[in-house]
Amino acid sequence: MEDVCILIPTLNEELNIADVIKGFKDQGFKNILVIDGNSTDRTREIAENEGARVIIQEGKGKGLAVQQAFEVIDNDLIVMIDGDGTYLPSEVNRLIEPILKNEADHVVGNRFSGYSKGAFTRLNLLGNKILNWLFGFAYGVHLKDILSGYRALTKSSVESLDLNKSGFEIEAEMTIEMVKKEFKIVEVPITYETRIKSVTKLNPIRDGLRIGYTLYGLVKTYNPMFYFGLIGAVFIGAGLFCGVYVVFDWFHNVTRVPLTIFTALLIMTGVQILVFGQLGNLIVALQKETMRALKKK
């Protein structure tokens, strides 16, 4: 238990933080770090009274809090959990066990295997399904819950991550980085409780769009064909749409030379972008093979 640090990012969780800390202490975990995003309630005071180490976050946003915490944690294993009481500390060993057995570098708690009624709104469920599908399609690794806030990871894997996101995109970015760096990821079933004592800080539309943009923006260095393919498809689709209009008018003895040229340019540009994506995939594949060869030496 001494090699495990329990990391709890918080913001105004005075009604829940004591129960979360006590839950881990009951399991025998004493090294508990609360990184607080400048709460205006008694979160920090309560956490300190419960025996947790408290650090005040520099900057704003969950992502920056997690990055700051990773810099000060020197334990071999890190368990990250939200401080809102929706996750059960009693299930922590489910996340730690695959790492201790050397079966994983990063373990994600799958909330959808056992969530309470009302834990998700319909919009939340739909958004999560879309983002999980997009992740699987873009990165080729099919996980059920890339946005879970309950996860365990090794310090050695954390040191290899290049994290930059400041907000709720941090879970998606961590998962993407683990896939890109070819670390072993395992999902385990967990319970997800209904939030009762506090209000969520996540805006499903705004933050959902940010997470989606993160998935798309980071894929260019992992799957360039997906990144450039979408752009190329837009150009080709626009070209075909204009082309139908040109051909329709041509059958009615109306020749639109400028639009015809524009249509050809759109389609050729789209094809060229697709070629760039394919070349990018070849470069990424070569880089991965080179890195694997270097690791074996």
Failed criterion for GLY127 (all others in (1) out of contact with any Pro (no Cβ under 9 Å at 6 or more places or on another chain); (2) crowded, with 19+ Cβ neighbours inside 10 Å hold)
(1)
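From the list GLU173, GLU182, which one is modelled with pLDDT of 90 or more and not hydrophobic (A, V, I, L, M, F, W, C)?
Numbers: GLU182 fails: modelled with pLDDT of 90 or more.
That would be GLU173, the only listed residue that is modelled with pLDDT of 90 or more and not hydrophobic (A, V, I, L, M, F, W, C).
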Just one of (1) under 17 Å from LEU163 (Cβ atoms); (2) touching a Cys at 6+ places or on another chain (Cβ under 9 Å); (3) of a type in the set (Phe, Trp, Tyr) trips up PHE29, so point out which.
(1)
Condition test on ILE73, is it surrounded by 14 or more Cβ atoms within 10 Å (Cβ to Cβ), closer than 25 Å to ALA172 by Cβ, touching a residue at least 24 places away in the same chain (Cβ under 8 Å) and assigned by TED's automatic domain parsing to the domain that holds LYS165?
yes
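For segment 93-180, which fully contained helices (runs of 4 or more DSSP H) count at least 3 residues that are touching a helix residue (DSSP H, G or I) at 6+ places or on another chain (Cβ under 6 Å)? Spell out how you get there, then give the answer.
On the way: elements: 122-139, 155-158, 170-180.
Ranges flagged: 122-139, 170-180.
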Please go through segment 181-197 and pick out each residue that is among the hydrophobic types (A, V, I, L, M, F, W, C) and not in a loop (DSSP other than H, G, I, E, B).
ILE185, VAL186, VAL188
Among ALA47, ALA104, ALA52, ALA65, the single one that is surrounded by 19 or more Cβ atoms within 10 Å (Cβ to Cβ), small (Gly, Ala, Ser) and either under 16 Å from ALA152 (Cβ atoms) or not assigned by TED's automatic domain parsing to the domain that holds LYS184 (or both) is ALA104
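Does segment 266-289 include one or more residues that are over 30 Å from ASP162 (Cβ atoms), at pLDDT 80 or above and loosely packed, with under 13 Cβ neighbours inside 10 Å? Reasoning before the result, please.
Going residue by residue through segment 266-289, those that are over 30 Å from ASP162 (Cβ atoms) are 266-271.
Then keep just the ones that are at pLDDT 80 or above; that gives 266-271.
Next cut, loosely packed, with under 13 Cβ neighbours inside 10 Å only: none.
Checked segment 266-289: no residue is over 30 Å from ASP162 (Cβ atoms), at pLDDT 80 or above and loosely packed, with under 13 Cβ neighbours inside 10 Å.
The values are calculated or read from the model by the stated rules, or taken from the named source; none is laboratory data. Here the structure is a predicted model, which means the values were calculated and not measured. With ideal geometry, Cβ positions are generated from the backbone for all residues, glycine too; neighbour counts draw on all protein chains shown.
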